[in-house]
Amino acid sequence: MMKLSVIIPAYNEEKCLPKTLQYIADALSIVTCRSEIIVADNDSKDNTRQIAESFGAKVFAEGEHNISRVRNTGAQNSTGNVLIFVDADTLVPNTLFQRIAGVMKDERCFAGAVSVEYANLQSRWMKVYLLGWKFWGMVFNMKQGAAQFCRKSVFESLQGYDESIFMGEDVEFYWRLSRFARQNDGYLYFVENPNVTTSARRFDKMSVWKTLLLTHPIFIYLTWRRKSFWKDWYERSIR
């Protein structure tokens, strides 16, 4: 029997988490398989844990500020056979988990990702830039981790997200998933509709030039193992 484990990595997310959890709970209420919600709390100093517990989520602590490790901590404590990773500032549509469960009924489907849209993006230039990012993401098979899913058995075979990577771990993991699927007669599924909606808070608060640099795929690839470049995600996290 299929069981969905929805895993949310969270660091000081008391502002976004209530709405995220409500949307997740609503979407899980219409699936016919079993499910659980897991919040991997990355040493939050606010009410992240209390909010998660108030929604009935299982909360597991991870003290090291490394997004790959936080995702892995959630997965290691899950009891489902299908893992769904959702960012704490991301809203899922009501039918998404139903769609994922339907896709994963095919044993040859190993994993997948969901199309991402940004909410209330203010900058016209960023809107144009993100359209370009989406195009190159399709060309180079770069799928964002705002919403990714995979079989737990496959996750364990690949040993999860690479903990030596501090940014772009979602793209690197998706590349490994793709190779694994090709080598084992499987496939990945990209859910274009319905899409998830994620926060544009970093784009709105960082300068255009800084955003263009820190979100450029080549820059990310060259620096993703150097934590000092990612202080806006770890030391000066925008919330």
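The values are calculated or read from the model by the stated rules, or taken from the named source; none is laboratory data. Being a predicted model, the structure only gives us computed values, none of them experimental. Don't worry about glycine lacking a Cβ; one is built from the backbone with ideal geometry, like all the others, and counts go over all protein chains shown. The accessibility values were calculated without ligands, DNA or RNA, using every heavy atom of the protein model including side chains. Shrake-Rupley method; radii C 1.70, N 1.55, O 1.52, S 1.80 Å.
Listing for the model above:
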{"read-out": "Computed lengthening from Asn81 to Ile218, 0.36 nm per intervening residue step minus Cα-Cα distance", "value": "45.9 nm"}
{"read-out": "Spherically averaged projected area in nm², based on the convex hull that wraps the Cα atoms of the range 140-239", "value": "7.5 nm²"}
{"read-out": "Carbon and sulfur %, accessible surface of the chain computed with the full protein complex present, 1.4 Å", "value": "53 percent"}
{"read-out": "Calculated P(r) of the range 45-93 - Cα pairs past 18 Å, %", "value": "37 percent"}
{"read-out": "Potential lengthening between Tyr187 and Thr32 on full extension [0.36 nm per residue; Cα-Cα distance subtracted]", "value": "53.4 nm"}
{"read-out": "Of all DSSP beta bridges in the chain, antiparallel share, percent nearest 5", "value": "30 percent"}
{"read-out": "Residues of the range 23-54 with amide N under 11 Å of a point placed 7 Å along Cα→Cβ from Arg239", "value": "42-49"}
{"read-out": "Inter-label distance for Ala25 and Ser164, nm, one decimal - labels placed 7 Å from Cα along Cα-to-Cβ", "value": "4.2 nm"}
{"read-out": "Leading residue at positive end of dipole, the chain (Cβ point charges), from His216, Ile100, Phe85", "value": "His216"}
{"read-out": "Span-rule helices in the chain, defined as complete DSSP H runs reaching 18 Å or more along the axis (Cα) with Kyte mean at least -0.5", "value": "124-139"}
{"read-out": "Theoretical ellipticity at 222 nm over the chain - DSSP helices of four or more residues, -39500 (n - 2.57) apiece, nearest 500", "value": "-11500 deg cm²/dmol"}
{"read-out": "Tail beyond 14 Å, pair distance distribution of the range 184-235 (Cα, percent)", "value": "68 percent"}
{"read-out": "Additional length obtainable on full extension of the chain from Asp232 to Thr95, 0.36 nm per residue less Cα span", "value": "46.0 nm"}
{"read-out": "Calculated diffusion of the range 1-119, Stokes-Einstein form, Kirkwood radius summed over Cα pairs, 10 °C and 1.306 mPa s, µm²/s", "value": "110 µm²/s"}
{"read-out": "Pair-distance profile P(r), taking every C-alpha pair of the chain, with 5 angstrom steps and integer %", "value": "1, 6, 14, 19, 21, 19, 12, 6, 1, 0"}
